[in-house]
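Have a look at the structure below, then the notes.
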Amino acid sequence: MKKILYNVIIVLFIFSTITKAQSQNLASQRQVALFTDNLDRNNTNSIYNPSNPENYDGTPYYTDNFILGNVYLENEVILSNVALRYNAIADEIEHKETLTSDDKEAKSLVKSKDIYATIMKDTFVFIPFKGYYLVVFDGTNFSLLKKITKKYFPPRKAKNTYERSTLAKFDDRSTYNLYTKNGEMTELPKSKKKKLEAFGNSEKLIKNYIKEQNLDLNKEKDLKKAIMYLDGVQGASL
């Protein structure tokens, strides 16, 4: 009798384990379906053929290969250790379950201000009506965001012996933006002088700081340092 009860308990335990695993897997699939959508391949496929990368100078992606990362919903992990990459042409975070999964199975993350992704050390956030931004610095009062874009140049065939044929090219472009705790965003101009003017009421404060620290606001590491200083100064405002 004891042996029968023991066997029944073992069977029930195995059944429970299998059922739990199936339930978790189903929940995971539902979760993925809830926070992903079909890729907007029209924005990429019309100008890029991934099967022939040698025909291009550059890539439409921030990093050409998928990299493991996490996806968060309001600071809680909803997709853990999944394959991600940023498509700068389509402005999408592409997602697939594993690094070895076929790229054709990839989907895009739903674009929402409450959903963000970390890909290795990089964090991408979505700003409504503006798109995805790479977080350079995330402070209490001010944050520094980087907008990554790609400019596409079609291939060009030489018209004569004096010209040279060129490959299709994806040229890297980027702009920096100052984001406030109030949700206001200011794009920082290219020139150093106009960058300083973009700081508004804090222009003199930043000007003195970069002079003291010998910073170049056209260098990302120095710009980040200046924003970190601004974020830590009480009463600083644009």
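May I ask you to list the residues in region 199-238 that are under 21 Å from Ile148 (Cβ atoms), of a type outside the set (D, E, K, R) and without any contact (Cβ under 8 Å) to a residue 24 or more places away in the chain?
Ala226
I'm told Asp138 meets every condition in (1) over 16 Å from Leu79 (Cα atoms); (2) among the acidic types (Asp, Glu); (3) at pLDDT below 95 except one. Can you identify the failing condition by its number?
Against the list (1) over 16 Å from Leu79 (Cα atoms); (2) among the acidic types (Asp, Glu); (3) at pLDDT below 95, Asp138 comes up short only on (3).
Can you tell me which of Lys113, Lys130, Lys121 is exposed (fewer than 15 other Cβ atoms within 10 Å of the Cβ) and in contact with a Lys or Arg (Cβ under 9 Å, 6 or more places away or on another chain)?
Lys130
Failed condition for Ala158, given (1) in contact with a Pro (Cβ under 6 Å, 6 or more places away or on another chain); (2) hydrophobic (A, V, I, L, M, F, W, C); (3) loosely packed, with under 15 Cβ neighbours inside 10 Å, with all others met?
Tallying (1) in contact with a Pro (Cβ under 6 Å, 6 or more places away or on another chain); (2) hydrophobic (A, V, I, L, M, F, W, C); (3) loosely packed, with under 15 Cβ neighbours inside 10 Å, Ala158 fails exactly one: (1).
The values are calculated or read from the model by the stated rules, or taken from the named source; none is laboratory data. Please read these numbers as outputs of a predicted model, since none were measured by experiment. All Cβ positions, even for glycine, are placed from backbone atoms using ideal geometry, and neighbour counts span all protein chains on display.
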